[in-house]
Amino acid sequence: MIVLDTNALMMPVECNVRVFEELDRVLSDTPETDRDYVVPEAVREELEKLADGAGAEATAAGVGRDLLERCSVVDTEADYADDAVLELATRPETTHAVTNDKPLKRRLLGASVPVISLRGQNKLGITQP
C-alpha cells in the first residue's frame, strides 16, 4: 500500500510531474499487485476545498481530485490530512508514503516509513528512513 498526500496529487500541475508514471518508475522493483494507492478521506476533503477556490492552486487541486480515481479513499481516526497520512503510513501493509511536505516527510521518516518525494525538477525518488 502506498499512501499519497494532498500535494502529491497536485504535483502534475505544481511540479510538472506525471505522478503515477513516476511512481511506476521508482517502484519498478515492487510487483504491480503490491502497488495499491490509498488516500485518507481527510486528503480528499482537502482537495475538494482547495478545488473550490480560484487560481493555480485550485487548478492543481482539481487535477488532484481527478487523480483520486486511481486511488482508494480510506477513513482514518485523524481529521487533519497530515495526521491521517501518518496514520495510514504506519500500518503494517504500507510500504511507502508520497509527499513533498517537509515537516510531514520528517515525521514519516521518523516513523520508519520510506518517503517518495520530488528529486530534481520533475522526477521522484525514495528516501529511506
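Test of understanding: among 47, 118, 86, 67, which residue is modelled with pLDDT of 95 or more, out of contact with any Asp or Glu (no Cβ under 7 Å at 6 or more places or on another chain) and among the aliphatic types (A, V, I, L, M)?
From the options 47, 118, 86, 67, the qualifying one is 86.
In the stretch 4-47, which residues are among the hydroxyl-bearing types (Ser, Thr, Tyr) and surrounded by fewer than 15 Cβ atoms within 10 Å (Cβ to Cβ)?
The answer is 28, 30, 33.
Out of all the residues in the stretch 91-105, which are assigned to a loop (DSSP other than H, G, I, E, B) and over 16 Å from residue 76 (Cβ atoms)? I'd like the intermediate steps shown before the answer.
From the stretch 91-105, those assigned to a loop (DSSP other than H, G, I, E, B) are 91-95, 99-101; that's our starting set.
Once the filter is applied, which keeps residues that are assigned to a loop (DSSP other than H, G, I, E, B) and over 16 Å from residue 76 (Cβ atoms), the stretch 91-105 yields 95, 100, 101.
Going residue by residue through the stretch 33-41, is there one that turns out to be assigned to a helix (DSSP H, G or I), at pLDDT 95 or above and under 13 Å from the mean Cα position of the chain (by Cα)? Can you show your working first?
Going residue by residue through the stretch 33-41, those that are assigned to a helix (DSSP H, G or I) are 33-34, 41.
Add one more test, that the residue is at pLDDT 95 or above, and what stays is 41.
Now narrow it down to the ones that are under 13 Å from the mean Cα position of the chain (by Cα): 41.
Within the stretch 33-41 (the criterion being assigned to a helix (DSSP H, G or I), at pLDDT 95 or above and under 13 Å from the mean Cα position of the chain (by Cα)), the answer is yes, since at least one residue qualifies.
Among the numbered criteria (1) within 15 Å of residue 3 (Cα to Cα); (2) without any contact (Cβ under 8 Å) to a residue 24 or more places away in the chain, which single criterion is violated by residue 75?
Failing condition for residue 75: (2).
For the stretch 42-79, enumerate the residues that are of a type in the set (S, T, N, Q) and outside any helix (DSSP H, G or I).
72, 76
Residue 60 is checked against (1) surrounded by 15 or more Cβ atoms within 10 Å (Cβ to Cβ); (2) under 23 Å from residue 102 (Cβ atoms); (3) in contact with a strand residue (DSSP E or B) (Cβ under 9 Å, 6 or more places away or on another chain) and fails just one. What number does that condition carry?
Failing condition for residue 60: (3).
Pull up the stretch 101-112, narrow it to residues that are without any contact (Cβ under 8 Å) to a residue 40 or more places away in the chain and under 16 Å from residue 43 (Cβ atoms), then point me to the one that is surrounded by the most Cβ atoms within 10 Å (Cβ to Cβ).
Just the residues of the stretch 101-112 that are without any contact (Cβ under 8 Å) to a residue 40 or more places away in the chain, to begin with: 102-103, 105-112.
Those still in the list that are under 16 Å from residue 43 (Cβ atoms) too: 103, 105, 107-108.
Working: 103: 9, 105: 18, 107: 20, 108: 28.
This residue is 108.
Yes/no matrix, rows are residues, columns are (1) closer than 13 Å to residue 8 by Cβ; (2) touching a helix residue (DSSP H, G or I) at 6+ places or on another chain (Cβ under 7 Å); (3) among the β-branched types (Val, Ile, Thr); (4) without any contact (Cβ under 8 Å) to a residue 24 or more places away in the chain:
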{"residue": "22", "(1), (2), (3), (4)": "yes, no, no, no"}
{"residue": "46", "(1), (2), (3), (4)": "yes, yes, no, no"}
{"residue": "89", "(1), (2), (3), (4)": "yes, yes, no, no"}
{"residue": "99", "(1), (2), (3), (4)": "yes, yes, yes, no"}
{"residue": "114", "(1), (2), (3), (4)": "no, no, no, yes"}
{"residue": "121", "(1), (2), (3), (4)": "no, no, no, no"}
{"residue": "125", "(1), (2), (3), (4)": "no, yes, no, no"}
{"residue": "128", "(1), (2), (3), (4)": "no, no, no, yes"}
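The values are calculated or read from the model by the stated rules, or taken from the named source; none is laboratory data. Keep in mind that what you see is a predicted model, and the values were worked out from it rather than measured. A quick note on method: Cβ atoms are made from the backbone with ideal geometry, for glycine too, and the neighbour counts reach across all protein chains shown.
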